[in-house]
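Enquirer: Below: one structure in structure tokens.
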Amino acid sequence: MSEAVLLIGTKKGLWIGRSDAARKEWRLDGPVPELEMQGVYAVGIDTRGDSAHGARLFVGGTSEHWGPAVFHSDDLGATWAEPPEGSIGFPADADASLERVWQIQPAPAGQPGVVYAGTQPSALWKSTDGGVTFELVTGLWDHPHRKEWGAGFGGQAVHTVLPHPTDADRVSVAMSTGGVYQTTDGGQSWSPRNQGIQAKFFPDPYPEFGQCVHKLAAHPDVPDRMFAQNHHGVYRSDDAGAIWKSIADGLPSDFGFPIVVHPHEPETVYVFPLVADANRIPTEAQCRVYRSRDAGSTWEPLAAGLPDVSYAPVLRDAMTVDTADPAGVYVGTRDGCIYASADAGDSWTEVARHLPDVLTVRAAVVG
Amino acid sequence: MIAVRLPTVLRPFAGGAERVEVEVDGSPTVASVFAALEAEHPALRRRLTDEQGAVRRHVNIYLGNDNIRDLSGLETKLTEGDELLVLPSVAGG
């Protein structure tokens, strides 16, 4: 029987929401003991394998005392494991140590066993054993630009990994700061893909790289059309990131962190606007997801079931969709609330409140 | 034999033990104790040091009443029967 699982990574641990395929009523498990007192910046759900429970779950946590670690679970979160040697560690000659895992991204179905991870310091990692152990992608680590990538408030990290749905050699990453980079040769060489994206914090606001891209998204059926929520600026590219154009008209603000695409409608995209860099609260102090059904030409606020008064931002990885039909959309806030929609955003219900700051969410209907 | 005493939170990474003992040949140091821990309890070692061997910033390791940072750090010399005490510092928010 199908069931829905919702991974909720917070500043102080991991919670798991559980529901049936309808996703109307949720119950909450947690905090998960293995992740107590850990900042959970990355969670992942891999539904490609033949696990008895329909999915392998991932979580990347960082303890302020004991450092970072990646765990996986093959029983939908009842038990968690890490390999004896650890999942991710810089080789000795890299002269770096892992600070935080920001993203755990299973590759598309045609690449069984491949899972990517993005980390702080800015590095991309590739696993070919289903996400148990990862190898450093040296082509990006050795990039001559790396010494010029800066650190935003959150640290200097590859926080988004976007594998191409059919071409295993093509992967895009986004980092803060640094911007969008892309490989077309399986990770050996990487090019910045930031033309048109503004960097207001530089004297030259349109540099080749150095942008603070907060999140990147694309629909697998239209992989060359990419969406970016920037540190001021919401953009679309129709040529795989070569040129970016603003789609912020019609939004109350072009500042925000997450951007996600509907799982079945490539033209439907969601953002969560905040007032500005200098005032990071929701516009008009209302909790509102904005949805476009025409790839960013027009936008509508989604309000049904969301609080009319809220001062809580949504962070870059704390909005997601599942792949069920009708599509589920999920938002986690910095005041520890989770809102879920089982009708593509038309209406929302509160799944949780009073959790620690929500850093990341992922959801799937499995089994 | 050198002993390492662990806070409760780290005991799951040492099979539940409060105290682990490692055999170190020659002239033992804190670094050689960590190397021995790597062989027997790699998940524990990762929580004490990063992958380049540095003691994590908010981890304190005491020899008697002395923090090894105030001695010779990883090169602090140990003698047979010494006990290292691992304590988390005040951190984390």
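Enquirer: Please specify each residue of the range B:66-91 satisfying the condition of being of a type in the set (S, T, N, Q) and either under 12 Å from the mean Cα position of the chain (by Cα) or surrounded by 15 or more Cβ atoms within 10 Å (Cβ to Cβ) (or both).
Expert: Start the filter on the range B:66-91 by keeping residues that are of a type in the set (S, T, N, Q), which leaves B:67, B:72, B:76, B:79, B:89.
If the condition is that a residue be of a type in the set (S, T, N, Q) and either under 12 Å from the mean Cα position of the chain (by Cα) or surrounded by 15 or more Cβ atoms within 10 Å (Cβ to Cβ) (or both), then B:Asn67, B:Thr76 are the ones that fit.
Enquirer: Would you say A:Pro84 is within 13 Å of chain B (Cβ to nearest Cβ) and either under 20 Å from the mean Cα position of the chain (by Cα) or closer than 17 Å to A:Gly61 by Cα (or both)?
Expert: Working: within 13 Å of chain B (Cβ to nearest Cβ): yes; either under 20 Å from the mean Cα position of the chain (by Cα) or closer than 17 Å to A:Gly61 by Cα (or both): yes.
It is true that A:Pro84 is within 13 Å of chain B (Cβ to nearest Cβ) and either under 20 Å from the mean Cα position of the chain (by Cα) or closer than 17 Å to A:Gly61 by Cα (or both).
Enquirer: Also: Of the numbered conditions (1) within 12 Å of chain A (Cβ to nearest Cβ); (2) of a type outside the set (Gly, Ala, Ser); (3) in a loop (DSSP other than H, G, I, E, B); (4) surrounded by fewer than 16 Cβ atoms within 10 Å (Cβ to Cβ), B:Glu51 satisfies every one except a single condition; which is it?
Expert: (4)
Enquirer: Go through (1) more than 15 Å from the chain's Cα centre (by Cα); (2) more than 10 Å from every other protein chain (Cβ to nearest Cβ) for A:Val40 and report which single condition fails.
Expert: (1)
Enquirer: Where residues in the range B:10-46 are of a type in the set (A, V, I, L, M) and in a loop (DSSP other than H, G, I, E, B), which of them is farthest from the other protein chains (Cβ to nearest Cβ)? Please lay out each step first, then the result.
Expert: First, the residues of the range B:10-46 that are of a type in the set (A, V, I, L, M): B:10, B:14, B:17, B:20, B:22, B:24, B:30-31, B:33, B:35-37, B:39, B:43-44.
Now drop any that are not in a loop (DSSP other than H, G, I, E, B), which leaves B:17, B:24.
Numbers: B:Ala17: 17, B:Val24: 21 Å.
Applying the filter and picking the extreme gives B:Val24.
Enquirer: Determine the pairs where a residue that is over 17 Å from A:Gly345 (Cβ atoms), located within the range A:292-316, has a partner that is surrounded by 13 or more Cβ atoms within 10 Å (Cβ to Cβ) and among the acidic types (Asp, Glu) with Cβ atoms under 6 Å apart, the partner being 6 or more residues away or on another chain.
Expert: If the second residue must be surrounded by 13 or more Cβ atoms within 10 Å (Cβ to Cβ) and among the acidic types (Asp, Glu), the pairs left are A:Ala312/A:Asp335.
Enquirer: Could you list all residues from the range A:6-43 that are assigned to a strand (DSSP E or B) and among the hydrophobic types (A, V, I, L, M, F, W, C)?
Expert: Going through the range A:6-43, the residues assigned to a strand (DSSP E or B) turn out to be A:6-10, A:13-20, A:27-29, A:38-43.
The answer is A:Leu6, A:Leu7, A:Ile8, A:Leu14, A:Trp15, A:Ile16, A:Leu28, A:Val40, A:Ala42, A:Val43.
Enquirer: Right, something else. List the pairs whose first member sits in the range A:213-242 and is without any contact (Cβ under 8 Å) to a residue 60 or more places away in the chain, whose second member is basic (Lys, Arg), and whose Cβ atoms are under 6 Å apart, counting only residues at least 6 apart or on separate chains?
Expert: Qualifying pairs under 6 Å: A:His232/A:Lys200; A:Asp238/A:Arg225.
Enquirer: Also: For the subset of the range B:38-53 comprising residues that are modelled with pLDDT of 95 or more and hydrophobic (A, V, I, L, M, F, W, C), which member is nearest to B:Pro88 (Cα to Cα)?
Expert: The qualifying residue nearest to B:Pro88 (Cα to Cα) is B:Leu48.
So that you can scan it fast, the table gives a plain yes or no per residue for (1) in a loop (DSSP other than H, G, I, E, B); (2) more than 20 Å from the chain's Cα centre (by Cα); (3) more than 20 Å from A:Ser73 (Cα to Cα):
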{"site": "A:Ile104", "(1), (2), (3)": "no, no, no"}
{"site": "A:Pro108", "(1), (2), (3)": "yes, no, no"}
{"site": "A:Thr119", "(1), (2), (3)": "no, no, yes"}
{"site": "A:Gly139", "(1), (2), (3)": "no, yes, yes"}
{"site": "A:Val161", "(1), (2), (3)": "no, no, yes"}
{"site": "A:Asp167", "(1), (2), (3)": "yes, yes, yes"}
{"site": "A:Val173", "(1), (2), (3)": "no, no, yes"}
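Enquirer: If you don't mind, another one. Would you confirm whether any residue within the range A:18-25 is of a type outside the set (S, T, N, Q), buried (at least 17 other Cβ atoms within 10 Å of the Cβ) and out of contact with any Gly (no Cβ under 6 Å at 6 or more places or on another chain)?
Expert: Here is the first cut: in the range A:18-25, the ones of a type outside the set (S, T, N, Q) are A:18, A:20-25.
Next, only the ones that are buried (at least 17 other Cβ atoms within 10 Å of the Cβ) stay: A:23.
With the extra rule that they be out of contact with any Gly (no Cβ under 6 Å at 6 or more places or on another chain), the set shrinks to none.
Looking through the range A:18-25, none of the residues is of a type outside the set (S, T, N, Q), buried (at least 17 other Cβ atoms within 10 Å of the Cβ) and out of contact with any Gly (no Cβ under 6 Å at 6 or more places or on another chain).
Enquirer: Which residue, of A:Asp46, A:Asp75, is out of contact with any strand residue (DSSP E or B) (no Cβ under 8 Å at 6 or more places or on another chain) and at negative phi? Lay out the reasoning, then the answer.
Expert: Details: A:Asp46 fails: out of contact with any strand residue (DSSP E or B) (no Cβ under 8 Å at 6 or more places or on another chain).
Selected residue: A:Asp75, the only one of A:Asp46, A:Asp75 that is out of contact with any strand residue (DSSP E or B) (no Cβ under 8 Å at 6 or more places or on another chain) and at negative phi.
Enquirer: Right, something else. Could you check, for the range A:249-266, whether at least one of its residues is within 25 Å of A:Gly328 (Cα to Cα), among the polar types (S, T, N, Q) and in contact with a Pro (Cβ under 6 Å, 6 or more places away or on another chain)?
Expert: Filtering the range A:249-266 down to residues within 25 Å of A:Gly328 (Cα to Cα) leaves A:250-266.
From what is left, the residues that are among the polar types (S, T, N, Q) are A:253.
Now restrict to residues that are in contact with a Pro (Cβ under 6 Å, 6 or more places away or on another chain): A:253.
Within the range A:249-266 (the criterion being within 25 Å of A:Gly328 (Cα to Cα), among the polar types (S, T, N, Q) and in contact with a Pro (Cβ under 6 Å, 6 or more places away or on another chain)), the answer is yes, since at least one residue qualifies.
Rundown of residues vs (1) surrounded by fewer than 24 Cβ atoms within 10 Å (Cβ to Cβ); (2) closer than 23 Å to A:Thr360 by Cα; (3) of a type in the set (S, T, N, Q), yes/no style:
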{"site": "A:Gly139", "(1), (2), (3)": "yes, no, no"}
{"site": "A:Pro144", "(1), (2), (3)": "yes, no, no"}
{"site": "A:His159", "(1), (2), (3)": "no, yes, no"}
{"site": "A:Pro165", "(1), (2), (3)": "yes, yes, no"}
{"site": "A:Ala168", "(1), (2), (3)": "yes, no, no"}
{"site": "A:Asp185", "(1), (2), (3)": "yes, no, no"}
{"site": "A:Val213", "(1), (2), (3)": "no, yes, no"}
{"site": "A:Asp221", "(1), (2), (3)": "yes, no, no"}
{"site": "A:Val234", "(1), (2), (3)": "no, yes, no"}
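Enquirer: Taking the conditions exactly as written (more than 13 Å from chain B (Cβ to nearest Cβ), surrounded by fewer than 20 Cβ atoms within 10 Å (Cβ to Cβ) and either in contact (Cβ under 8 Å) with a residue 12 or more places away in the chain or not in a loop (DSSP other than H, G, I, E, B) (or both)), does A:Val132 satisfy them or not? Break it down into steps so the answer makes sense when it comes.
Expert: Numbers: more than 13 Å from chain B (Cβ to nearest Cβ): yes; surrounded by fewer than 20 Cβ atoms within 10 Å (Cβ to Cβ): yes; either in contact (Cβ under 8 Å) with a residue 12 or more places away in the chain or not in a loop (DSSP other than H, G, I, E, B) (or both): yes.
Against the criterion (more than 13 Å from chain B (Cβ to nearest Cβ), surrounded by fewer than 20 Cβ atoms within 10 Å (Cβ to Cβ) and either in contact (Cβ under 8 Å) with a residue 12 or more places away in the chain or not in a loop (DSSP other than H, G, I, E, B) (or both)), A:Val132 qualifies.
Enquirer: Pick from the range A:88-119 the residues that are touching a His at 6+ places or on another chain (Cβ under 8 Å) and under 18 Å from A:Val158 (Cα atoms): which of them is farthest from the other protein chains (Cβ to nearest Cβ)? Don't jump to the end; show me each part of the working.
Expert: First, the residues of the range A:88-119 that are touching a His at 6+ places or on another chain (Cβ under 8 Å): A:102-103, A:108, A:118.
Narrowing further to those that are under 18 Å from A:Val158 (Cα atoms): A:102-103, A:118.
Numbers: A:Trp102: 17, A:Gln103: 19, A:Gly118: 17 Å.
It comes out as A:Gln103.
Enquirer: Can you tell me which residues in the range B:54-71 are touching a residue at least 12 places away in the same chain (Cβ under 8 Å) and more than 14 Å from chain A (Cβ to nearest Cβ)?
Expert: B:Tyr62, B:Leu63, B:Ile68, B:Arg69
Enquirer: So, in the range A:45-72, exactly how many residues are in contact with a helix residue (DSSP H, G or I) (Cβ under 9 Å, 6 or more places away or on another chain) and away from chain B (no Cβ under 13 Å)?
Expert: Counting residues in the range A:45-72 that are in contact with a helix residue (DSSP H, G or I) (Cβ under 9 Å, 6 or more places away or on another chain) and away from chain B (no Cβ under 13 Å) gives 1.
Enquirer: While we're on this one: So, A:His232, is that one closer than 21 Å to A:Gln156 by Cα, touching a Phe, Trp or Tyr at 6+ places or on another chain (Cβ under 6 Å) and in a loop (DSSP other than H, G, I, E, B) or not?
Expert: Yes, satisfied.
The values are calculated or read from the model by the stated rules, or taken from the named source; none is laboratory data. Values in this document were obtained by computation on a predicted structure and should not be read as measured data. Heads up, the Cβs are rebuilt from the backbone with ideal geometry, glycines too, and the neighbour counts pull from every protein chain shown.
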